């Protein structure tokens, strides 16, 4: 057996595909098995990515002694149970965002991993996106002076899989799905100060036929160090993914975008395979991404997590961070309902964020 | 005497200089006189711009029968009195933004102009900026589908004249000074639907030594047609003026910026005269504006107002619009204090917007 | 009769439409008549633009005593005769680029206008495009140091009217049609030093079915002051007009583009009226121009020429300039055939530039 | 001993530093030794990069049996001898661009490596730059139709080391130093068709005090498939490295730049460590690169070469390619002197390219 970390992938959809591509680029990791309940999915995934083992029941994967690390990309409502089972099986866990549906679930996951002495790592790839890493260095170097305002946004025209539209499974809409990126981005950029307040404006503008969740959101966060952060999230933005950040400081400002500026500007009357995530037609003008996974930071993220597992290092983004993000997401939905700035820490026993915006009938 | 409209300029500072440059480009207008109380200012202004008359007392200007229109660029706390006097003298009025300090003042101005049968025109030049005019055409044409989110921001590193720092005179900080641009921009873009609510996040981050006013603000507006608008304003942003807008709709999105994209990208190790408003040093890289007044819409705006006066047409932007903007500004300061979304119409007898954010001690 | 200059337009196609739009924005000009030989064209043009008079024979237009200035937009092979007739009728002439087909024609035009004491003005609008005017100011101010290399290019996917494809009428391909813009641009930017040499690479790449003329060209010019200039021209570039310039100097560099940077970036799944010249479909991403004529400098150009006529001022761009450009165009075609740098001044009695590239069979 | 390829670095200046950084990112390579004749340089380099061995005489490095591959970054006039010695020692060779000074040297190197059965690999990193790799995929996929024109340029304000200014050592100026990048870029993009002709415009504009070599060049290449390519190279361009490419085809066009669009746009009144190669001051606006080596393709290039060595695969860029590039460079200098397009293949026994432009006195 190789001295690489053997990795199990739980899930076989969009993000698990990215996980596999990213892990293949890690010198210290080896893809060992995949599990997905839908018949045929895991098998096909294993074939495509050259994995030796595949299962329909992830518990069989967890039972393999060779595997030290599982990377989980399943619907949000399954995050907690998978993490509990993985911890029980003594596997380290990389959990896709958002961490889970409720603060109670988060606490259970954290406790289980602590007890089992396994790492609970939170897959916020923006902390590894190389352009954003450089942006953070600029801020940390003092180039921009004391920060005043940080912005980050992700916008595209809707999620990859149907379960995202179902608030019972996803826990919320675009704030849950993509706002969580921005929130951890801000925490990471600022060195994780306490969060003081959250305000959110949400609505369902375009996809009312598909979802009860929010498809557009503006979220304003105040941190204890006085910095204001603005997250803009959309599931209705046409023309391909938009992922951008700005850092405004007393001595300067920096603008980083992962798409339009970065891209090859292409005009094609013939069309071609693929321009960008959610980019639609490639006829006419398009903004062609290159090394998409790498520019988002996925391989770098997986390499880091594998390194943490192999050499017992503390991860850059942990389950605790995922919990803090989720708490802010809850506050955002509370704010969207009340029209008020919510003071943090916000304690709630709601079962999912959406319930605070549109309370379930009892 | 020419059959052009004879125009009097009240004020001699930054914006009055722009008014003069803009009016010189109007075929139907002639600059006739300028008034400014500071000894020497009006005289120098008249020399620079070739005006035949100048006064230290604007009432002498108002007494000239040749003049049919005055264009007012004075500190905010003087707006109301100048307008009342101009109306009494039977002159049409172009009033710089913001309209005045309080809703009571606004009502007095509107009543006086109505009584005197003169036009009260509100100088929101963004409604004439050619790139934004094209942006509105795109929206109106259906190219973007039903709008969901509109953004506009103006950011630079602080106002031109000291009276802006003094909340007694200015009535507020950057929300009062530049937020008013965005608010009228949104109203104009959307065809002036009723405003439903206002939320604002404000702070004084960098200029606490100079002002009690807000130097950074995020303002979220909801209109009756369901569209959300986001204004971002800053007096702390280094590197020159930033003036941008985005329109997001169900069928598309459009991005218009008046500066970085528009500019000549210049690197100079020698430096040169001027890159852009508040741009600072021209050594190294700079973003060189060209036809600055024209790109903001000033000549187009003045030509429109002169046309309205000469041919008795209804202005595109009126005193009523200025009042509606001011009402939203009041709501923004109320929201900044309370941390709540303020429902419109918001009625207040506060003497200036700042009083709602930081109530004066009694 | 008004004291404005009464203007006659000769031609009714694409560029004459632009001439009319531009002249309508000149306070000192009035559109008086249009002439076009195709039955119905002049009449329709007159209706669209509100001109009181229209003719199928331009000599009738020239016979109108009210008219002091004609603006000529006809196929290249007619330029000379129209100019001679206009001079004979005592009218000032604005001639669209290129000036005419041969140096002999140019000399005849210059002599006729000199004799008739009318101005022969050469319509190179790039010298009036506001962004390029600012670029020239940067260069003249010393911001960039001594220039080393200047670039300008115009690229789209083919000419507006069929006569451009016909080298008998047009005199050449894209070098004749659009290279002439760049050549005068360079002369103007540099203060019109003598031209020392010309090298050109030409080919017919995409439109061999339509034309014997060049549809792509690279032209390198050396001026007496040592500056090298590079013109890139294309009739095969998809995705809308591209018009850009760069000035490289010993102390700096400046980049000005009239399209992509300048434009509103638009994504539309609904489509809309018009994005940009030759832009094709507006579905998907497009780069929306705004104030297209103004950004090219057409109204500014016409205002200047009208001012020259009304107040007897020397034009910024003259028939002599048009002749110098044409001479460089001849040298370019000579170079394209020989593969050699052509030393200037280049004397030729060829009847049109294309003959030097692909000599007619005798 | 590890089963990684042990690599020796010959040279310790700018590019060797990049080689070391790139090789450290290769999972299959281990940095083993460095050689540099200047006392102390190799030692310091070894310390900085953690290499176990260092020498002042590269022959000692070549004598180490552990080393299978040497990566050479020395002045151009030493390329040939080092390659001959490395081949004699049985080491595979990665040679920095340009391959060497003359075609005779190139032939000697190729023959020696062939005899010794070692690979001669040519370090053209642009063929590995990820954005350009995607650009080539676009072209190869048919998205742009048949290519008509390809452009590539590299511009900064002068070379890293004094020996580049010395044409005796460097063999030429910017065409030799950076034109070679563009030439191989074109060959690679087009699948390496035969080169038909070369035309070049060169001059020494700014650095006459430092060099007899060209500091600005425009090079036009015609390939056998009819495609025209334009290389623009400069050692006088202020404001930081500019590396860009365009591919124009009958069905589309694509623009890729590695700097301005790619960068973080930063304004800093405090300054910071580093914006970009040759970028100078970081005060004011700058274009901040991120992952600079990776964006140029250095680690990808080294990983490929190491893979070729370890698994005996054919390299993407070979000594033969380096020779073909050098031949085109000779033709460019010949053309610059004669003012003529040079037909290929161009045979010359000149000892270095510069001799064809400015023949040495005999």
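Coordinate-derived values only; no laboratory data. Note that the structure is a prediction, hence the values are computed from the model and not measured. With ideal geometry, Cβ positions are generated from the backbone for all residues, glycine too; neighbour counts draw on all protein chains shown.
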Since chains B and A are linked by a rotation, which residue in B has the beta carbon closest to its axis, and how far is it in Å?
B:340, 2
Considering every residue in D:27-34, what mean count of other chain Cβ atoms within 10 Å of its Cβ is obtained?
1
Average silhouette area of the stretch D:21-114, convex hull of alpha-carbon atoms, in square nanometres:
6.0 nm²
At 7 angstrom along the Cα-to-beta-carbon line, where would the label on residue C:209 sit relative to the other copies? Give the distances in nm, shortest first.
4.0, 6.0, 7.2
For the stretch C:198-258, what does the alpha-carbon gyration tensor say about shape, rounded, prolate or oblate, given a ≥ b ≥ c as the root eigenvalues, a/c under 1.5 as rounded, and a/b over b/c as prolate?
oblate
What base-10 log of the normalised intensity I(q)/I(0) is obtained for the stretch B:133-197 from the Debye formula, alpha carbons as equal point scatterers, at q = 0.17, 0.24 Å⁻¹?
-0.72, -1.04
Return the Rg/Rh ratio of the protein assembly as shown with Cα-based radii and a Kirkwood Rh.
0.99
With all pairs of different alpha carbon atoms counted, what Kirkwood hydrodynamic radius in Å does the stretch B:261-300 show?
10.7 Å
Taking a ≥ b ≥ c as the square roots of the Cα gyration tensor eigenvalues, with a/c under 1.5 meaning rounded and otherwise prolate when a/b beats b/c, else oblate, which class fits the stretch D:17-69?
oblate
Exam field: residue A:224 pseudo-label spacings to other copies (7 Å along Cα-Cβ), nanometres
4.6, 7.1, 7.5
DSSP bridge pairs, the protein assembly as shown: antiparallel proportion in percent, nearest 5
60 percent
What order do you get for A:49, A:248, A:160 when you list them from fewest to most C-beta neighbours inside 10 Å?
A:160, A:49, A:248
Give me C:285, B:294 sorted ascending by neighbouring Cβ count inside 10 Å, so fewest comes first.
B:294, C:285
Principal axes first, then extents: for the Cα atoms of the stretch D:1-157, list largest minus smallest coordinate on each axis, whole Å, largest first.
52, 38, 35
Rg and Dmax in Å for the stretch B:72-205, alpha carbons only: what are they?
16.6, 47
Between B:14, B:330, B:32, where does the largest GNM mean-square fluctuation fall for chain B, given springs only between Cα atoms within less than 10 Å?
B:14
Spin-label pair residue D:81/residue A:48, simplified geometry with 7 Å Cα→Cβ offset, distance in nm:
5.7 nm
Count, for each residue of A:254-265, the Cβ atoms from other chains sitting within 10 Å of its Cβ, then give me the mean as a whole number.
6
Taking the label point 7 Å from Cα along the Cα-Cβ vector, the copy-to-copy distances for residue C:360, listed from shortest in nm with one decimal, are 5.4, 8.8, 8.8
Debye intensity ratio I(q)/I(0), log10, the stretch C:243-340, q values 0.19, 0.21, 0.22, 0.25 Å⁻¹ (C-alpha model)
-1.03, -1.05, -1.06, -1.15
Over chain D, what relative contact order in percent results from Cα pairs under 8 Å that are six or more residues apart?
19 percent
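Listed highest first by mean packing, meaning other Cβ atoms within 10 Å per residue, what order do A:308-315, D:102-109 come in?
Averaged packing, sorted descending, gives the order D:102-109, A:308-315.
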Semi-axis lengths, Å, the stretch A:318-362, gyration tensor of Cα atoms, sqrt of 5 times eigenvalues
19, 13, 7
Percentage relative contact order, the stretch B:78-134, counting C-alpha pairs under 8 Å, at least six apart:
39 percent
Average silhouette area of the stretch C:228-292, convex hull of alpha-carbon atoms, in square nanometres
5.5 nm²
If you count, for every residue in C:84-94, the Cβ atoms of partner chains within 10 Å of its Cβ, what is the mean?
0
Based on the Cβ-Cβ distance from residue A:115 to residue D:270, what FRET efficiency comes out when R0 is 45 Å, to the nearest 0.05?
0.45
Order of D:272, C:132 under a 10 Å beta carbon neighbour criterion, fewest first
D:272, C:132
Row for the stretch D:167-214, column shape: gyration tensor on C-alpha, a ≥ b ≥ c, rounded if a/c < 1.5 i.e. under 1.5, prolate if a/b over b/c, else oblate; value prolate
Compute the relative contact order of the stretch D:286-361 as a whole-number percentage, counting only Cα pairs closer than 8 Å that sit 6 or more residues apart in sequence.
21 percent
Please grab the % of Cα pairs in chain D that end up more than 36 Å from each other.
19 percent
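Report the percentage of all Cα-Cα pairs in the stretch C:61-100 whose separation exceeds 15 Å, rounded to a whole percent.
30 percent
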Any idea what the alpha-carbon Rg over 2.2 N^0.38 Å comes to for the stretch A:126-256?
1.09
